[in-house]
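Q: Starting off with a structure, shown below.
The values are calculated or read from the model by the stated rules, or taken from the named source; none is laboratory data. On a predicted model such as this, the values are computed, not experimentally measured, just so you know. All Cβ positions, even for glycine, are placed from backbone atoms using ideal geometry, and neighbour counts span all protein chains on display. Calculation scope for accessible area: heavy atoms of the full protein, side chains included, ligands and nucleic acids excluded. Shrake-Rupley method; radii C 1.70, N 1.55, O 1.52, S 1.80 Å.
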Amino acid sequence: GENVEQHPSTLSVQEGDSAVIKCTYSDSASNYFPWYKQELGKRPQLIIDIRSNVGEKKDQRIAVTLNKTAKHFSLHITETQPEDSAVYFCAAEGADGLTFGKGTHLIIQP
Amino acid sequence: SAVISQKPSRDICQRGTSLTIQCQVDSQVTMMFWYRQQPGQSLTLIATANQGSEATYESGFVIDKFPISRPNLTFSTLTVSNMSPEDSSIYLCSVLLGGQGIAFFGQGTRLTVV
């Protein structure tokens, strides 16, 4: 089955700086890669996603890149703000459904 | 996006008892998913609930421990049976919506077994 590795587990950045979270996956048949943001005590919510026919997708301060050859995808957050503090999960969807990474705790330092 | 109502939002239960968690969706969906999220951990799929057929369980999860019902296309329940402290976790239901198959989650049930 699919195996998703996510790094780093914790990321601390200064407010206004950029944050990058990276994920790799193992199943070359996976074709959908969503990112979820989970604030403390709340449900995971989709923030951006990308499909395998696209290399990059951007939505305001958030972007995701996908390298299918290398089987890795990344989340980029620019001009970070305090409300970006949360746990972020990447996921890959293959034949077995969604497999999640272990999560990255993003801390925005004032 | 869908409205997914999950209840209870939290409960404290005695070991050896069972708890049934309900998930209601405001639209008809073919598949509903149940996840477990242990403290500080990622989401682990327990099972997929299809209407009109038996749920499909992932490795490490069995029907006797986590029986699931799916009586119609908008509702499902997950029961955590014969609970032990190791079952303390957050349990989330999820559905896929839209032609894109985007996953949406219920608000979760925080279970503590004492």
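Q: What whole number of Å gives the distance from the Cα centroid of the range A:33-56 to the Cα centroid of the range B:21-72?
A: 21
Q: Let me ask another. Quick check: at a probe of 1.4 Å, how many percent of the accessible area of the protein assembly as shown sits on carbon and sulfur atoms?
A: Carbon and sulfur atoms account for 48 percent of the accessible area of the protein assembly as shown.
Q: Based on the Cβ-Cβ distance from B:Glu58 to A:Gln14, what FRET efficiency comes out when R0 is 45 Å, to the nearest 0.05?
A: Computed FRET efficiency for B:Glu58 and A:Gln14 comes out at 0.65.
Q: Accessible area per residue for the range A:1-92 in Å², computed with a 1.4 Å probe and the full protein assembly in place, what is it?
A: Per residue, the range A:1-92 has 51 Å² of solvent-accessible surface.
Q: Could you work out the mean count of beta carbons from other protein chains within 10 Å of each residue's beta carbon in A:93-105?
A: 4
Q: Per residue, how much space in cubic angstrom lies within the convex hull of the C-alpha atoms of chain B?
A: 97
Q: Where does the Debye-calculated log10 I(q)/I(0) of the protein assembly as shown sit at q = 0.16 Å⁻¹, using only Cα point scatterers of equal weight, no solvent?
A: -1.12
Q: Now, a different point. Calculate how many DSSP beta bridges within the protein assembly as shown are antiparallel, expressed in % of all such bridges and rounded to the nearest 5.
A: In the protein assembly as shown, approximately 90 percent of DSSP beta bridges are antiparallel ones.
Q: Under the rule a/c < 1.5 gives rounded, and otherwise a/b versus b/c splits prolate from oblate, where does the range A:67-107 land using the Cα gyration tensor?
A: oblate
Q: Compute accessible area for the range B:6-46 by itself and then with all protein chains, 1.4 Å probe, and report residues whose area falls by 10 Å² or more.
A: Buried on complex formation: B:Tyr35, B:Gln37, B:Gln41, B:Ser42, B:Leu43, B:Leu45.
Q: While we're looking at this one, here's another question. If you only keep lysine pairs separated by 8 or more in sequence, or across chains, how many in the protein assembly as shown come under 27 Å at the Cα atoms?
A: Number of lysine pairs found: 29.
Q: OK, next. Over all residues in A:37-43, what is the mean tally of Cβ atoms on other chains that come within 10 Å of each residue's Cβ?
A: 4
Q: While we're looking at this one, here's another question. Quick one: accessible area per residue over chain B, 1.4 Å probe, rounded to a whole number of Å²?
A: 48
Q: Still on this structure, please answer the following. Ranked from highest to lowest mean number of other Cβ atoms within 10 Å per residue, what is the order of the peptides A:67-76, B:57-66?
A: So the peptides A:67-76, B:57-66, ranked by packing, come out A:67-76, B:57-66.
Q: Moving on. Let me confirm one metric for peptide B:101-110, namely the mean number of other chain beta-carbon atoms within 10 Å of its residues' beta-carbons.
A: Partner-chain Cβ atoms within 10 Å, mean over residues of B:101-110: 4.
Q: How many Å² of accessible surface get buried when A and B come together, counting both sides, probe radius 1.4 Å, rounded to the nearest 100?
A: Roughly 1300 Å².
Q: Is there a quick way to get the dipole size of the range B:8-114? I mean about its Cα centre, with the Cβ of Lys and Arg at +1 and of Asp and Glu at -1; what is the value in debye to the nearest 20?
A: 160
Q: Semi-axes, largest first, in whole Å: what does sqrt of 5 times each Cα gyration tensor eigenvalue give for the range A:15-72?
A: Semi-axis lengths for the range A:15-72 are 22, 15, 11 Å.
Q: Okay, next question. Are there cysteines in the protein assembly as shown with no second cysteine's Cβ under 4.7 Å away, and if so, which?
A: Lone cysteines by the Cβ rule: B:Cys13.
Q: Then there's this: Averaging the inverse of every distinct alpha carbon separation and then flipping it gives the Kirkwood radius. What is it for the range A:12-109, in angstrom units?
A: Averaging 1/r across every pair of different Cα atoms and inverting gives 13.6 Å.
Q: So for chain B: antiparallel DSSP bridges make up what percent, rounded to the nearest 5?
A: Counting only bridges with both partners in chain B, antiparallel ones make up about 90 percent.
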